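The values are calculated or read from the model by the stated rules, or taken from the named source; none is laboratory data. Predicted, not measured: the structure shown is a model, and the values here were computed from it. Counting neighbours? That spans all protein chains shown, and the Cβs are built from the backbone with ideal geometry, glycine included. Protein only, heavy atoms only, side chains kept; ligands, DNA and RNA dropped before computing areas. Shrake-Rupley method; radii C 1.70, N 1.55, O 1.52, S 1.80 Å.
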Amino acid sequence: MQQKTELIRYILTGGVTTAVNYALYGGLLAARIDFLIANCLAWCGAVLVSYALSRIWVFRSSGNLMRELFSFAAARFLTLAVETGCLWMLIGQLRLLPFPAKILVSGVTILGNYGLCKYKVFRKDGAQHG
């Protein structure tokens with residue numbers, strides 16, 4: 001039951017984080033900021049919101065704040081790199097519109113972020129993950 005509750009909380013947190021990310025991305029695009037820069041800036045805002053919600057509400061972590069924050073940002077940076085590469089391909093090369101392209105790559109980002117958070121960042125004490 002705890003796993004199910006955690007997953008539901010992660011999905012809800014993901015919805016809030018995604019809304020923050022898309023709102024920032026859309027606002028920056030409207031301000032005529034390049035799509036890659038807009039994506040990176042939106043990522044920064046979304047990471048801060050996501051870390052706070054994940055630590056407090058989803059994984060209920062009491063681990064070392066600085067270690068977790070660094071690990072969280074590093075894990076999210078990995079998915080940012082993948083997302084940025086996908087956006088470059090879809091928008092820069094295939095000429096898709098920036099917002100629909102971001103929606104398309106979100107699935108990969110969401111799955112990657114969940115796995116990295118659960119098994120690397122907020123792992124329970126005593127868990128031996130890579």
Inset, instruction - Return only the number of the condition from (1) touching a helix residue (DSSP H, G or I) at 6+ places or on another chain (Cβ under 9 Å); (2) of a type in the set (Lys, Arg); (3) open to solvent by 50 Å² or more (accessible area, probe 1.4 Å) that residue 55 does not satisfy. - result: (3)
Inset, instruction - Quick one: which residue in 116, 87 is assigned to a helix (DSSP H, G or I) and more than 20 Å from residue 41 (Cα to Cα)? - result: 116
Legend entry - Only one of 55, 32 that is among the charged types (D, E, K, R) and under 14 Å from the mean Cα position of the chain (by Cα): 55
Legend entry - Those residues of region 30-73 which are part of a helix (DSSP H, G or I), touching a Lys or Arg at 6+ places or on another chain (Cβ under 8 Å) and among the small types (Gly, Ala, Ser), in sequence order: 50, 71
Legend entry - Members of region 28-45 found to be over 20 Å from residue 113 (Cα atoms) and surrounded by 14 or more Cβ atoms within 10 Å (Cβ to Cβ), listed by number: 28, 29, 33, 35
Inset, instruction - Residue by residue through region 27-39, note down the ones that are small (Gly, Ala, Ser) and farther than 19 Å from residue 85 by Cα. - result: 27, 30, 31
